[in-house]
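Notes follow the structure.
Every read-out reported here was derived from the displayed coordinates using simple, explicitly stated rules and does not represent laboratory data. Because the structure is predicted, anything quoted here is derived from the model rather than measured. When we count neighbours, we look across all protein chains shown, and the Cβ atoms used for this are built from the backbone with ideal geometry, even at glycine.
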Amino acid sequence: MAKKTFYITTPIYYASAHLHIGHSYCEVITDSLARYKRERGCDVFFLTGADEHGQKIAKNAENASMTPQEFVDDIAKTFIDTWGRMKISNNDFIRTTDKRHVELVQKVFSKLLEQGDIYLGKYEGWYCTPDESFWTDSQVVVDENGKHICPECGREVHRETEEAYFLNCKKYIPQLLKFYDEHPDFVPDGKLNEMINTFIKPGLEDLCITRTNFSWGIPIKENPKHVVYVWIDALLNYISALGYLSDDETLFNKFWGEESEVVHFVGREINRFHTIYWPILLMALGLRLPDHVYVHGLLLTRSGVKLSKSLGNAPSPLPLIERYGLDALRYYMVREIQVGEDGNFTPKQFVERINVDLVNSYGNLLNRSLSMINKYFQGKIPNYKKPTSERILKAYQDIELYRNQYETHMDNYDVTKGAEDAINLINVGNKLIEEQAPWALAKDSTKLGELEDTMYVLVEIIRNGSILLRPFLVDKSDEALNQMNTPSNARNYDSLKDVTLMSNVTIGNLSQLFPRLDKEKEIAYLTELIDGKEE
Ligand code: ME8
């Protein structure tokens with residue numbers, strides 16, 4: 001039985017530049033899950049935000065002739081605006097420059113310093129400024145020109161030496177390994193093995209967690225020339241937003257309590273921070289660990305390069321929403337690429353996915369079914385009767401089958417399979433129309449009962465399909481329910497168990513749910529949009 005309280009987070013994206021479809025991808029997945037859990041009656045807290053400190057942001061602000069604070073204020077506004085336009089249903093938006101966050105980070109630092117988990121030492125090693133990451137000698141790659149290269153992003157790193165504070169990671173390794181052992185689903189799909197083999201087995205060093213060579217960060221109270229390393233600062237957002245160590249810890253106790261289901265969604269390039277350092281920090285603080293760190297895959301260009309802010313090859317989601325509608329983009333994101341795996345963002349697949357699933361399957365089923373109700377029953381849905389025909393009986397069974405599968409998939413965060421279940425159910429309706437040929441039944445007065453049953457089960461399929469699709473299609477599902485004039489007591493998830501609720505409802509006005517995309521024209525448009533960005 002799933003837990004009743006659900007806390008889901010996205011990474012907080014760097015406020016160094018504008019958002020692109022890669023960030024939107026993670027938002028849409030997490031938003032769909034948050035919406036699904038709410039549909040199922042869970043108390044949900046869904047968090048996203050902005051990561052606003054660090055050297056890279058200070059540099060970008062300088063280039064824009066702004067103070068870092070002015071710079072991040074501007075960028076954070078665009079984040080909030082974009083998520084508003086994508087109807088992201090986050091409960092809060094945390095900024096690492098928020099007073100509540102700054103205070104929490106300072107308190108955590110003091111607490112860990114006092115208990116001896118943080119100590120003062122000397123840092124010497126490699127630093128990758130674009131990634132804000134430290135690397136040891138054994139981790140950096142030396143290229144053919146003798147340059148030292150960041151093992152994560154492939155850019156050049158530079159040498160740094162300075163006095164710094166360290167987090168005592170070594171001490172927590174046994175506890176961490178024990179935790180991994182006891183919680184095999186902490187990081188689903190075996191994505192922890194690589195972390196253990198690459199970072200823990202060779203011997204995890206203590207982590208350098210303060211910097212003195214720049215000032216755009218959270219200064220520590222005990223020694224203000226040090227600012228907190230941006231990753232430690234950032235990870236703490238997940239608990240600062242809930243009010244941990246503040247005057248009011250109500251949200252924290254509720255959503256970080258043992259009873260709550262806690263899941264962080266992150267892209268695979270930041271797996272390491274969330275599955276090694278974040279657990280260590282939490283252990284040092286004596287707090288529970290998340291139930292899952294779900295590592296989603298990345299959107300790649302057609303040629304397989306990661307879409308990224310620093311490579312400048314990723315389009316904003318806004319022109320896509322403008323042209324295709326929000327739901328088309330959201331649907332494509334959850335459905336086309338299996339969540340958890342990398343996938344190429346390609347114009348052809350984008351256009352086909354929308355035409356096949358949304359136009360041909362969903363839109364058509366709605367349109368054909370309601371047109372027939374208009375034609376054969378003057379717009380009034382027949383009364384529900386227990387079906388006698390095998391085929392209709394089977395259709396009701398399919399509704400339950402797909403709904404159950406959908407729940408299993410969604411409870412396992414598999415939005416791709418969840419969306420597929422919903423569309424498969426819709427296709428049960430399309431197939432039934434072909435098999436039952438209502439136009440033929442309508443010509444035979446002895447088949448009136450069967451015609452009624454056929455129309456009724458089609459309505460039920462659309463109602464179920466729409467409610468299952470609603471976490472993804474945040475506008476169009478309700479639009480479909482409106483076209484059927486679905487009463488309010490038949491619109492929530494629990495109501496799906498009662499098959500009688502649509503009896504005798506007079507349907508509303510029909511309109512096309514999704515316009516068919518002109519394949520050639522849209523492929524050309526998208527190719528230009530994406531390739532224009534590809535280096
Ligand atoms: O790493 N495909 O921020 P960030 C899919 N501030 N998802 C993508 C993507 C792509 N091509 N590109 C980015 C940071 N993402 C830190 C996080 S959390 C405490 C701090 C998504 O702006 C994906 O979720 O680089 C990835 O992990 C995140 O954006 C990185 O965003």
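Considering only HIS274, THR97, ILE530, whose Cα is most displaced toward the positive end of the charge dipole of the chain, charges sitting on Cβ of Lys, Arg (+1) and Asp, Glu (-1)? It is ILE530, whose Cα lies furthest towards the positive end. Length gained on full extension, ALA524 to ASN482: 11.7 nm, using 0.36 nm per residue less the C-alpha separation. If a spin label sat at a point 7 angstrom from the Cα of ARG40 along the line to its beta carbon, the backbone N atoms of region 1-27 nearer than 16 Å would be those of 1-9. Here the ratio of the Cα radius of gyration of the chain to 2.2 N^0.38 Å is 1.10. Farthest toward the positive end of the dipole of region 379-465, out of ASN464, ASN412, SER445, is the Cα of SER445, where the dipole comes from beta carbon charges about the Cα centre. Qualifying GluC sites (Glu not before Pro) in region 272-361, where qualification requires a DSSP coil assignment and no more than 13 other C-beta atoms within 10 Å, comprise GLU341. Please list, short to long, the whole-number percent of alpha-carbon pairs of region 80-232 in consecutive 10 angstrom bins beginning at zero. Percent of pairs per bin, in order: 9, 28, 33, 25, 4. Beta bridges from DSSP with both residues in the chain: antiparallel share about 50 percent, rounded to the nearest 5. Given R0 = 41 Å, the distance between the Cβ atoms of HIS148 and ASP81 translates into a calculated FRET efficiency of 0.55. Over region 9-74, all Cα pairs binned in 10 Å intervals from 0 give whole-percent P(r) values of 21, 37, 25, 13, 4, listed from short to long.
Computed over every Cα-Cα pair of region 242-282 and binned at 5 Å starting from 0, the pair-distance distribution P(r) comes out as 5, 20, 20, 22, 20, 10, 2, 0 percent. Label-to-label distance, GLU259 versus LEU245, with points set 7 angstrom from Cα along the beta-carbon direction: 2.7 nm. Along its first, second and third principal axes, ordered by size, region 432-535 spans 65, 34, 22 Å in Cα coordinates. Per the Debye formula on identical point scatterers at the alpha carbon atoms of region 346-497, with no solvent, log10 I(q)/I(0) at q = 0.09, 0.10, 0.17, 0.20 Å⁻¹ is -0.28, -0.34, -0.97, -1.31. A crude spin-label estimate for the pair LYS4 and ASN213, with each label 7 Å from Cα along the Cβ direction, gives 5.3 nm. The peptide list 53-63, 499-509, put in order of mean Cβ contacts within 10 Å with the highest first, becomes 53-63, 499-509. Our summary gives region 1-148 a relative contact order of 23 percent, counting only alpha carbon pairs under 8 angstrom and 6 or more residues apart.
For the chain, the dipole from Cβ point charges (+1 on Lys and Arg, -1 on Asp and Glu) about the Cα centre works out to 1260 debye, to the nearest 20.
Percentage of Cα-Cα pair distances in region 104-168 greater than 16 Å, rounded to whole percent? The answer is 55 percent, as a whole percent. Here's the list of lysines a cross-link from LYS309 could span, going by alpha-carbon distance under 24 Å and ignoring same-chain residues fewer than 8 apart: LYS56, LYS59, LYS77, LYS87, LYS147, LYS348, LYS533.
Dipole of the chain computed with +1 at Lys/Arg Cβ and -1 at Asp/Glu Cβ about the Cα centre; of LEU517, ILE8, LEU365, farthest Cα towards the positive end is LEU365.
Explain nothing, just the number: relative contact order of the chain, from Cα pairs under 8 Å at least 6 residues apart, as a whole percent. Please list the in-between numbers first.
Values: 821 pairs, mean separation 84.3, N = 535.
Here the relative contact order equals 16 percent.
Take the alpha carbon atoms of region 293-321, find their center, do the same for region 421-498, and report the distance between the two centers in whole angstrom. The two parts, judged by their Cα centres, are 36 Å apart. Each label point was placed 7 Å from the Cα along the Cα-to-Cβ direction; for SER65 and LYS447 their separation is 7.7 nm. In region 5-296, the inverse of the mean reciprocal separation of distinct Cα atoms equals 19.7 Å; this is its Kirkwood hydrodynamic radius. Normalised by the number of residues in region 5-296, the mean separation of alpha-carbon contacts (under 8 Å, six or more apart) gives a relative contact order of 22 percent. If you average 1/r over all unlike Cα pairs in region 181-308 and invert the result, what Kirkwood radius do you get in angstrom? After inverting the pairwise mean of 1/r, the radius is 16.7 Å. One decimal place: the segment ARG159-ALA17 gains 48.5 nm when fully extended, by the rule 0.36 nm per residue minus the C-alpha distance. Rounded to the nearest 20, the size of the Cβ-charge dipole of region 1-131 about its Cα centre is 580 debye, with Lys and Arg at +1 and Asp and Glu at -1.
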